[in-house]
Each structure stands twice: as C-alpha cells, then as structure tokens.
1. So which aspartates and glutamates pass the test for residue 43, namely a Cα distance under 16 Å, with those fewer than 8 places away in the same chain ruled out?
2. With every protein chain left in place, what is the accessible area per residue of region 1-109 in square angstrom, probe 1.4 Å?
3. Tell me which residues come under 5 Å, amide H to amide H, from residue 32 once H is placed; ignore anything under 5 positions away on its chain.
4. Per-residue accessible area for residue 75 at 1.4 Å probe radius, Å² rounded to 10?
5. Expressed in nm², what is the orientationally averaged projection area of the convex hull enclosing the Cα positions of the chain?
6. Which is farthest toward the positive dipole end of region 23-106 among 106, 37, 56, measuring Cα position about the Cα centre, with Cβ charges +1 (Lys, Arg) and -1 (Asp, Glu)?
7. Counting DSSP beta bridges with both partners in the chain, what percentage is antiparallel, nearest 5?
8. Measure off, as a whole percent, the carbon and sulfur share of the 1.4 Å-probe accessible area of region 34-121, all protein chains present.
Amino acid sequence: QVQLVESGGGLVQPGGSLRLSCVASGRIFRINAMGWYRQAPGKQREPVAVLNSGGNTNYADSVKGRFTISRDYDKNTVYLQMNSLKPEDTAVYYCNADLVRSLGFTAGEFWGQGTQVTVSS
C-alpha cells in the first residue's frame, strides 16, 4: 500500500503565506515525480507545481513567483511554499506522486486526500 498524506492547509488573509507538506509512505521503490494540484469549487482540478526526478520544476502561470515547490528525497516529502496568497488561490490542494511500488515494481500514480486552503479577509 502507498499513502500520500497532506498537511498545512488553513485560512489565511490575502497577502499571507502557507506551507503545505505531503508525505509518501508505504512500499515505495522509487518516486519519479511529485507535485501539487488544486481544485476550486465548480472548476476542474489543475496542476499548480510539479517537481520531477531530474529536479526540474513546472509552475502554473498563475503562481509563478509566488509559490515554490521543494522535496526532501530522504523523507519522501514534497512541500509547497505559498506566498502572497490571493483569494483566487482558494481551493482544495492535492498532492500527487508518480512512483514505482516495491511490490512487483509496478508504476502508478497516487493522490492524497486533499487539504483546504482558504484565502479571505
């Protein structure tokens, strides 16, 4: 079994900051990429930031310069530092991992349960 568990969401005022964390656990052989997606009410889930195994990052245009994704390879953890938050950043944020399981060395994509981020005064 593989699990992704997010933490760090909450309510913050416009201009504030939050740091999201996501820990991957279970029978993991290798993690190829980890990233963050978000889904606002009435909208489709969209990518926010992705960090691949080569260390390359991709950000949504709407968060460039404000959000930073990073990863602790030893702890199988990915972070999303969110600064200068805006009301339009309000959404449920999901952690995603593209990995190879140690059981059978099968590849798969896994999601966390999501954490709510609300930006409001």
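1. Straight-line reach from residue 43, under 16 Å: 88, 89.
2. With the other protein chains kept in place, region 1-109 gives 54 Å² per residue.
3. Those lying under 5 Å, H to H, from residue 32 are 98, 99, 100.
4. About 130 Å², ignoring ligands and nucleic acids.
5. 7.1
6. 106
7. 95
8. 46
The values are calculated or read from the model by the stated rules, or taken from the named source; none is laboratory data. Keep in mind it's a predicted model, so treat the numbers as computed, not measured. Positions of Cβ are generated from backbone atoms using ideal geometry, with glycine treated the same way; all protein chains shown enter the neighbour counts. Accessible surface is based on the protein model in full, side chains and every heavy atom, while ligands, DNA and RNA are left aside. Shrake-Rupley method; radii C 1.70, N 1.55, O 1.52, S 1.80 Å.
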